[in-house]
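So the structure is just underneath, and the comments pick up after that.
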Amino acid sequence: MNDDYAPRLLSKPPISAGTFVFAAAHLDHPHIHDQCRGLIAAGASLTWVYDPQPERVSAFQKLFPQARAARSLEEILADPAVRLVTAAAIPCDRGPIGCRVMDAGKDYLTDKAPFTTLDQLEEARLAVARTGRRYMVFYGARLGQECSVHAEVLIQKGIIGQVLQVIGLGPHRIRKPTRPAWFFLRERYGGILCDLGSHQCDKFLAYTGSTDATVLHSAVGNFGNPDHPELEDYGEATLLGSSGATHYHRVDWFTPDGQSTWGDSRTFVLGTRGTIELRSTCDVGQSPQGELLILVDHAGEYRIPCAGRVGLPFYRDFIGDCLERTEHAMTQAHAFKAAELCLRTQATARRLDSKNRP
């Protein structure tokens, strides 16, 4: 295999202990655990946790005993040592919480989707401009997968030439008995293209170098969950990027029970000199181990395992950005544009149901 294709460890050494203090708040989604683990692995110090439900705080402290329970979010915001608040709130609350954090002079890191309305996005843009703080989003399908990180490196090196199209498939297992009530309420979770589709819009912008895109088509539907009429279990969208590249993505809640993982997530990238396929979560029918990148170029075909060979540089880079006011992990413009595109695909989506299907 060409040495240019081999994975290289991108993660930097952790920062010095005590250099960067953060707090966790609003523990509505388990993503908060991964966000905290990522920050701690990069050298950050977790000092506070807050959630209005004490039982969630207690469960969190079993995983992170160093976190003191705060009586309110305001108690965290009043602590001058805290530089960052990371949260995984109910999606409709993520934007307003982020604005409160930034107005208190602290940076903010949320899981996806960062907003459920375009008005929330605009309020956050104004808050960033007003405060000079960061509103950052952990788009885990790219930033939390080593094969996705390596794909971006290969694309930036020009290995597959100019990117012409990205196709993203994001199936998920629904596990209805485990889901909270807000999961089924459209106003609270934002819709499937807003939620799961946010990963896809982020990848498209990153892999194509597009800074904007036009929504050509989008559609949503509920095909298998009539007991929850506000749930959208299927969504699709087509975009045209400012780079000239196109994008199609499909997201759904139809992972079969026989699937070895929560979903066979895949990404396909077509370039003028090659192709990349990402089997992020599993190599279906072969192995439950994901993190596989499949590259084809003029010289051959390559299966490149990435697990443990690339690392996840986002958290260390983001801490550096917070300390030095740089934009190496992700630009603020990118974080907001990915959010805007998923909101626009959701807002313009045509409603499908079984009657529309042949």
Considering segment 139-197 alone, what residues qualify as being out of contact with any Leu (no Cβ under 8 Å at 6 or more places or on another chain) and farther than 22 Å from Tyr234 by Cβ?
Arg142, Glu152, Ile155, Gln156, Lys157, Gly158, Gly161, Gln162
Right, Arg94: at pLDDT 95 or above and over 20 Å from the mean Cα position of the chain (by Cα) or not?
no
Exactly one of (1) part of a strand (DSSP E or B); (2) under 28 Å from Thr211 (Cα atoms) is unmet by Ile304. Its number?
(2)
Report whether or not Ile97 is over 30 Å from Ile276 (Cα atoms) and in contact with a strand residue (DSSP E or B) (Cβ under 9 Å, 6 or more places away or on another chain).
yes
Looking at segment 122-150 only, could you name the residues that are open to solvent by 20 Å² or more (accessible area, probe 1.4 Å), of a type in the set (Lys, Arg) and closer than 15 Å to Gly170 by Cβ?
none
In segment 102-121, which residues are crowded, with 16+ Cβ neighbours inside 10 Å, assigned to a helix (DSSP H, G or I) and among the hydrophobic types (A, V, I, L, M, F, W, C)?
Met102, Leu121
Residues (open to solvent by 20 Å² or more (accessible area, probe 1.4 Å) and either in contact with a Phe, Trp or Tyr (Cβ under 7 Å, 6 or more places away or on another chain) or over 16 Å from Pro30 (Cα atoms) (or both)) located in segment 159-179:
Ile159, Gln162, Leu164, Gln165, Ile167, Leu169, His172, Arg173, Ile174
Residue hits (segment 269-310; of a type in the set (Gly, Ala, Ser) and open to solvent by less than 30 Å² (accessible area, probe 1.4 Å)) are Gly271, Gly274, Ser280, Gly290, Gly300
Quick check: is even one residue across segment 221-237 more than 15 Å from Arg350 (Cα to Cα) and touching a residue at least 60 places away in the same chain (Cβ under 8 Å)?
no
Starting from segment 132-161, take each residue that is in contact (Cβ under 8 Å) with a residue 12 or more places away in the chain and hydrophobic (A, V, I, L, M, F, W, C) and list its partners that are outside any loop (DSSP other than H, G, I, E, B) and open to solvent by 20 Å² or more (accessible area, probe 1.4 Å), counting only C-beta distances under 6 angstrom and pairs at least six apart or across chains.
Ala141/His199
Is it the case that segment 132-140 has a residue that's out of contact with any strand residue (DSSP E or B) (no Cβ under 7 Å at 6 or more places or on another chain) and among the charged types (D, E, K, R)?
no
Scan (1) open to solvent by 30 Å² or more (accessible area, probe 1.4 Å); (2) touching a Lys or Arg at 6+ places or on another chain (Cβ under 7 Å); (3) over 30 Å from Val21 (Cα atoms); (4) not in a loop (DSSP other than H, G, I, E, B) for the single condition Arg351 breaks and write down its number.
(2)
So which of Thr208, Thr246 is buried (at least 17 other Cβ atoms within 10 Å of the Cβ), touching a residue at least 24 places away in the same chain (Cβ under 8 Å) and closer than 19 Å to Ser148 by Cβ?
Thr208
Out of everything in segment 315-329 that is open to solvent by less than 10 Å² (accessible area, probe 1.4 Å) and either of a type in the set (Val, Ile, Thr) or touching a helix residue (DSSP H, G or I) at 6+ places or on another chain (Cβ under 9 Å) (or both), what residue ends up being farthest from Leu293 (Cα to Cα)?
Ile319
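The values are calculated or read from the model by the stated rules, or taken from the named source; none is laboratory data. A quick note: this is a predicted structure, and the numbers were derived from the prediction, not measured. When we count neighbours, we look across all protein chains shown, and the Cβ atoms used for this are built from the backbone with ideal geometry, even at glycine. For accessibility, only protein heavy atoms count, side chains too; no ligands or nucleic acids. Shrake-Rupley method; radii C 1.70, N 1.55, O 1.52, S 1.80 Å.
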